[in-house]
Amino acid sequence: MQEKLYSAYKKGLEKVCFLKQSIDGFPHITRGGKWLTNQNGHWTGGFWTGLIWLSYLDDREAHTAEEATEWAMRLKCRINDNTTHDQGFIFGPSCVFGYRITGNGDFLPLIHAGAQNMIDQYVPQVGLVQAWAEEGYDGISIVDTIMNLPILWISGELDDDSTKKEMCLQIARNIQKYAVRRDYSSYHVVRWDNDFRIYGDTHQGYSAESCWSRGQAWALYGFANMYRYTGEREFLDTAEKMAQYYWDNLNDDLMPAWDFTFRNDPSMPIDASAASIAASGFSIISSLYRALGENEKAELFGDRADAMLLKETELCLYTNMSEYGIIEHAVVDYPRKSGVDQSAMYGDYYYMEAIYRRMNKDDPNSIKLLY
Ligand code: GLY
């Protein structure tokens with residue numbers, strides 16, 4: 001099993017190497033198998049840079065670290081972009097990961113800028129971060145924000161600012177309060193009206209009350225990571241229960257339908273990017289329980305991560321160099337029919353990150369480097 005995943009990881013690294021030579025902008029998602037790229041990193045530039053850091057941790061070649069640093073530094077163009085909540089995605093796997101690997105202080109201003117951009121979008125009346133401005137609605141927050149919050153915590157740790165850490169905690173608690181349902185499924189979207197009345201909704205899922213599988217994957221990973229940073233046990237309990245919901249709603253072959261409404265419906269596509277994110281999230285949960293000495297749970301979630309990764313490798317690993325990414329069969333936005341059955345940089349990055357976590361499960365220092 002370990003050998004199969006290791007061999008898939010090596011193939012993934014080969015693809016990163018190939019792609020590096022054939023693009024000049026950040027690869028975002030594929031259309032018809034060809035990468036769409038952009039110069040400012042959109043919300044996925046951190047993942048591409050993170051893949052190059054993973055390459056460096058494998059080959060330990062100085063030039064690979066230089067390349068990763070160059071890609072991360074291109075994200076300087078985003079330091080004043082306070083129009084999106086995606087700050088952790090942008091600056092986490094690029095600059096936090098890079099800082100922890102190299103100790104290079106040039107990454108610090110980017111990390112702090114990401115935190116400041118989050119603070120700028122904080123809406124005190126609801127205690128949430130606005131995800132983006134949306135015409136026709138008063139306010140919108142999304143469950144994915146839980147993945148972005150560590151940038152605020154990390155910045156607070158680095159400059160010893162407890163107000164950032166307190167804000168991070170408050171926002172995480174409010175995401176838990178408003179986006180997580182009683183059965184531990186999730187609302188993708190939390191909106192508020194003019195009077196700051198809050199209600200659940202969706203943006204990329206099937207309906208307001210359905211459960212969008214990638215949102216659930218972001219949430220289970222995000223709450224586990226939030227426990228890792230804050231030590232607040234409730235976040236780990238939430239992550240575990242959300243992971244259980246995710247597991248219980250997988251198709252029989254362990255892949256997620258793009259929305260769990262369509263479990264085992266062969267006419268509906270799977271979302272392999274959700275599978276990648278969830279596998280890495282299950283691996284975090286496993287490591288956290290292992291550190292707590294709760295070995296039964298550590299084994300359970302580790303075994304599930306391995307089982308999901310093996311299935312994803314069998315069904316979605318794409319090794320032809322000239323098209324698609326490492327992982328195919330991702331769905332970007334099914335309701336808008338955007339990127340259905342394509343590759344997405346988050347599907348690629350989290351697949352590789354998940355395998356890295358499993359390969360290094362006995363080496364906490366290697367795992368600690370990750371955002
Ligand atoms: N965070 C946006 C998405 O998952 O599509």
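The values are calculated or read from the model by the stated rules, or taken from the named source; none is laboratory data. Keep in mind that what you see is a predicted model, and the values were worked out from it rather than measured. Reconstructed Cβ throughout: ideal geometry from the backbone, glycine too, with neighbour counts over all protein chains shown. Just the protein is used for accessible areas: all its heavy atoms, side chains included, with ligands, DNA and RNA removed. Shrake-Rupley method; radii C 1.70, N 1.55, O 1.52, S 1.80 Å.
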Evaluate the range 344-358: report whether one residue or more is outside any helix (DSSP H, G or I), in contact with a Phe, Trp or Tyr (Cβ under 8 Å, 6 or more places away or on another chain) and either of a type in the set (A, V, I, L, M) or at pLDDT 95 or above (or both). no
Could you list, in sequence order, all residues of the range 123-140 that are in contact with a Leu (Cβ under 9 Å, 6 or more places away or on another chain) and under 13 Å from Met167 (Cα atoms)? Val129
If we scan the range 190-206, do we find a residue that is in contact with a Leu (Cβ under 8 Å, 6 or more places away or on another chain) and hydroxyl-bearing (Ser, Thr, Tyr)? no
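Got a number for residues in the range 252-270 being in contact with a strand residue (DSSP E or B) (Cβ under 7 Å, 6 or more places away or on another chain) and under 22 Å from Ser286 (Cβ atoms)?
In the first step, residues of the range 252-270 are kept if they are in contact with a strand residue (DSSP E or B) (Cβ under 7 Å, 6 or more places away or on another chain); the result is 255-259, 263, 265, 268-270.
So of that shortlist, the ones also under 22 Å from Ser286 (Cβ atoms) come out as 255-256.
Total satisfying the criteria: 2.
Conditions tested, residue by residue: (1) within 16 Å of the ligand (Cβ to nearest atom); (2) of a type in the set (S, T, N, Q); (3) modelled with pLDDT under 95; (4) surrounded by 21 or more Cβ atoms within 10 Å (Cβ to Cβ).
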{"residue": "Glu135", "(1), (2), (3), (4)": "no, no, yes, no"}
{"residue": "Ser141", "(1), (2), (3), (4)": "yes, yes, no, yes"}
{"residue": "Asp159", "(1), (2), (3), (4)": "no, no, no, no"}
{"residue": "Lys164", "(1), (2), (3), (4)": "no, no, no, yes"}
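Take the residues of the range 102-126 that are assigned to a helix (DSSP H, G or I) and open to solvent by 60 Å² or more (accessible area, probe 1.4 Å): which is farthest from Asn194 (Cα to Cα)?
Here is the first cut: in the range 102-126, the ones assigned to a helix (DSSP H, G or I) are 102, 105-120.
This time we only want the ones that are open to solvent by 60 Å² or more (accessible area, probe 1.4 Å), so: 102, 106, 109, 116, 120.
Numbers: Thr102: 46, Asp106: 42, Pro109: 35, Gln116: 25, Asp120: 20 Å.
Per the criteria, the residue is Thr102.
Going by what's in this entry, would Asp271 be described as of a type outside the set (Gly, Ala, Ser) and open to solvent by 10 Å² or more (accessible area, probe 1.4 Å)?
On the way: of a type outside the set (Gly, Ala, Ser): yes; open to solvent by 10 Å² or more (accessible area, probe 1.4 Å): no.
It is false that Asp271 is of a type outside the set (Gly, Ala, Ser) and open to solvent by 10 Å² or more (accessible area, probe 1.4 Å).
Specify the residue that is farthest from the ligand (Cβ to nearest atom); the eligible residues are those in the range 340-358 that are aliphatic (A, V, I, L, M) and crowded, with 24+ Cβ neighbours inside 10 Å. Quick ask: steps written out before the conclusion?
Step one: list which residues in the range 340-358 are aliphatic (A, V, I, L, M), which gives 340, 344-345, 352, 354-355.
After this cut, where a residue has to be crowded, with 24+ Cβ neighbours inside 10 Å as well, the list is 344-345, 352, 354-355.
Numbers: Ala344: 8, Met345: 11, Met352: 17, Ala354: 16, Ile355: 20 Å.
Among them, the one singled out is Ile355.
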Go through the range 187-211 residue by residue and tally those that are within 11 Å of the ligand (Cβ to nearest atom) and open to solvent by 10 Å² or more (accessible area, probe 1.4 Å). 2
Enumeration of residues in the range 320-341 that are more than 22 Å from Ala208 (Cα to Cα), in contact with an Asp or Glu (Cβ under 8 Å, 6 or more places away or on another chain) and of a type in the set (Gly, Ala, Ser): Gly325
